Amino acid sequence: MTPDDSEVDDAELMHRSGAGDEAAFGTLVERHQLRVIGTVAKMLGSPEGAEDIAQHVFVRAWQSASRYRHSAKFTTWLLTITRNLVFNEIRRRQRAGWVPMENEDGSPMEFADPGAPDAARESEKRELHEAIDRAIASLPDQQRLAVILRRYEEMPYDEIAAVLGTSVSSVKSLLFRAREDLRTQLAAFLQDA
């Protein structure tokens with residue numbers, strides 16, 4: 001912090017930051033980084049990743065500096081950015097099934113995971129569904145449509161034939177070739193079953 005910036009209020013420093021004054025923004029970072037890091041760590045329930053998210057908060061603040069309007073306290077505005085980024089991180093971690101690996105004191109966390117077999121089964125199931133979707137997507141158009149209409153829409157052969165503008169025997173042939181192709185593509189999954 002330069003001696004003259006230590007007396008300048010946050011709103012003025014943001015105004016100067018918006019004009020491209022990196023030193024003014026550096027002063028804001030020095031003033032508020034511990035507050036942001038602490039808030040992030042508390043919201044996450046762990047210090048894991050708090051500094052990274054705090055860095056993103058300040059990057060976002062710098063990028064928004066030219067649009068900053070002094071309608072509320074600077075810290076309110078900054079902590080609103082913090083909240084939004086932390087909520088995004090929480091949602092990301094929930095989707096990823098993130099579990100912290102350290103206690104607050106830095107010691108390794110010990111935990112039992114009674115749901116691991118269920119989690120593993122869910123992961124395998126999700127992987128299989130994704131593989132099936134990819135395999136179906138790779139089929140030629142007519143075969144893909146026939147499979148989708150038969151498997152997911154549960155249409156009878158004659159209705160599929162009408163949709164495709166072909167005969168029932170042609171639909172049966174399309175489905176046979178599609179099933180053979182899918183069986184080949186999904187062989188690794190079929191062996192495990």
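The values are calculated or read from the model by the stated rules, or taken from the named source; none is laboratory data. Remember, predicted model here, so these are calculated numbers, not experimental data. Quick reminder, even Gly has a Cβ in these numbers, built from the backbone with ideal geometry, and neighbours come from all protein chains shown.
For this structure, a couple of remarks:
- Residue in region 17-27 that is under 27 Å from the mean Cα position of the chain (by Cα) and among the hydroxyl-bearing types (Ser, Thr, Tyr) present: no
- Scanning region 43-85 for residues that are of a type in the set (D, E, K, R) and outside any helix (DSSP H, G or I) gives Glu48, Arg69, Lys73.
Matching residues to (1) over 19 Å from His129 (Cα atoms); (2) out of contact with any helix residue (DSSP H, G or I) (no Cβ under 7 Å at 6 or more places or on another chain); (3) loosely packed, with under 14 Cβ neighbours inside 10 Å:
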site	(1), (2), (3)
Asp141	yes, yes, yes
Ala146	no, no, no
Pro156	yes, yes, yes
Ala161	yes, no, no
Val168	yes, no, no
Ser173	yes, yes, no
Arg177	yes, no, no
Leu182	no, no, no
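- Residue in region 152-171 that is under 30 Å from Ala96 (Cα atoms) and either more than 28 Å from the chain's Cα centre (by Cα) or at pLDDT below 90 (or both) present: yes
- Contacts under 6 angstrom Cβ, first residue in region 47-64 being under 18 Å from Ala24 (Cα atoms), partner hydroxyl-bearing (Ser, Thr, Tyr) and part of a helix (DSSP H, G or I), 6 or more apart: Val57/Thr82
- Inside region 178-193, residues that are at pLDDT 80 or above and in a loop (DSSP other than H, G, I, E, B) make up a count of 1.
- One residue stands out in region 10-33 among those that are among the hydrophobic types (A, V, I, L, M, F, W, C) and over 16 Å from Trp77 (Cα atoms): the one that is surrounded by the most Cβ atoms within 10 Å (Cβ to Cβ), namely Ala24.
Conditions (1) among the aliphatic types (A, V, I, L, M); (2) out of contact with any Leu (no Cβ under 7 Å at 6 or more places or on another chain); (3) more than 22 Å from Gln185 (Cβ to Cβ), marked per residue:
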residue: Asp133; (1), (2), (3): no, yes, no
residue: Pro156; (1), (2), (3): no, yes, yes
residue: Ser170; (1), (2), (3): no, yes, yes
residue: Leu174; (1), (2), (3): yes, yes, no
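- Evaluation of Gly49 against (1) at pLDDT 80 or above; (2) at negative phi; (3) surrounded by 14 or more Cβ atoms within 10 Å (Cβ to Cβ) (one fails), failing number: (2)
- Long-range neighbours under 7 Å by Cβ, at least six apart or interchain, first residue within 12 Å of Arg67 (Cα to Cα) within region 13-28, second of a type in the set (Ser, Thr, Tyr) and part of a helix (DSSP H, G or I): Gly18/Ser66
- Region 157-178 residues that are outside the structural domain of Ile136 (by TED's automatic domain parsing), paired with ones that are at pLDDT 90 or above and not polar (S, T, N, Q) (beta carbon under 6 Å, 6 or more apart): none
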